[in-house]
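To start, the structure under review is shown below, and the notes come after it.
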Amino acid sequence: MQPFTYHRAASLADALSRGAASDAAYLAGGTTLVDLMRMGVMRPASVIDINGLEELRGVRIDAEIFRFGALAPMAETAALPALRERAPALAQSLALAASPQLRNMATLGGNILQRTRCSYFRDVSVAECNKRNPGSGCAALDGVNRNHAVLGTSDACVATMPSDWAVALAAFDATVEVVGQRGMRRIPIASFHSAYADDPAVETTMAHGEIVTAITVPASAALRHSVYLKVRDRQSYAFALASAAVGLEMDGHNVRAARIALGGVASRPWRAEEAESALAGHPLTEATAEAASHLAFEGARPLSENGFKIPLGRRTLVEALMTLRGTAT
């Protein structure tokens, strides 16, 4: 780890002023930043600790909206009884992430900003990584790519976005509030994470120096009747091979509206709108769920080692849908 200066921000204005420097980075839970600094992947000259900004903490659950402070810890938020009752998919996506120790430290805002777990990105001895070294190539294309994405990739990058929380947020139309030198703006979660395309180094639509201050999610019937299902190599402390955040509004046995987002298989939280449309107005059966799952993976581009993610992702989505059918009232 290279030397750096450390500053504990006294206020949001202080943090923004110091964070405007091109070689500065913000520290919240630190579960991503510290890791990458140790590996030499990130080399900020200055680190601004924002943990003392109390205005970025706290969770408010109202009748109309859920508001999550960016510095709210994952574990504390996942345990909220009101969240578990009224937004099960959100609570489950937090509870199934990482390990208990990491969930105690990691923050909600930091979680949606965490960087890919691609081994080539995290190994500075590998030169070919367009995310670290734009224009250098992508070693994963012809390398070890079992854990990489099959949706939303390009010839420039096939890394997977690892956040469970972001997948659940994507299913339910969350909005990310950020603040910078030019003031506050709201970014729909659907456009918060950038498509990799030809510039994988750009991961979000945030400007340099901006800080995530809060995340809001509108209350809905689908959010109340929701589930987050995650498939991984082991029961805990593992990233998703495939996951699905699903919410349903039912009209008797028929689906009035569906919300579906996929994780573990894509370069960003993947909203499966074609699958949602296919379910609307139809009974929820194994057959309709299977048909929707195939639509969700149309256009998938498997690599040499990760083709299994397509049938696994389909089965994960079907199981999530069938779980909700069993709890419909």
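Things to note:
- HN-Hα J in Hz across the range 190-206 - Karplus 6.51, -1.76, 1.60, θ = phi - 60°, x for Gly and Pro: 4, 10, 6, 8, 7, 5, 5, 6, 9, 9, x, 5, 8, 9, 9, 8, 6
- A Förster distance of 25 Å, applied to the separation of the beta-carbon atoms of Arg43 and Ala238, puts the FRET efficiency at 0.35.
- Listed from fewest to most Cβ neighbours within 10 Å, the set His193, His208 follows the order His208, His193.
- Each of Asp198, Asp173 was scored by other Cβ atoms within 10 Å of its Cβ. Arranged with the fewest first, they read Asp198, Asp173.
- Label positions at Glu76 and Ala127, each projected 7 Å from the Cα along the C-beta direction, are separated by 4.7 nm.
- Euclidean distance between Cα centres, the range 280-316 to the range 17-56, Å: 38
- Over the chain, the ratio between the Cα radius of gyration and 2.2 N^0.38 Å evaluates to 0.98.
- Once the chain from Thr285 to Asn254 is taken as fully extended at 0.36 nm per residue, the excess over their C-alpha distance is 10.2 nm.
- Length available on full extension from Ala221 to Ser17: 0.36 nm per residue minus the Cα-Cα distance, which gives 69.3 nm.
- Space enclosed by the convex hull of the alpha-carbon atoms of the range 221-327, per residue, Å³: 100
- Dipole of the range 184-329, positive end: most advanced residue of Ala296, Ser220, Ala244 [Cβ charges, Cα centre]: Ser220
The numbers here are math on the coordinates, done by the rules we state, and not lab data. In this text the structure is predicted, and so the values were computed from the model without any measurement. Positions of Cβ are backbone-derived with ideal geometry, glycine not excepted, and every protein chain shown enters the neighbour counts.
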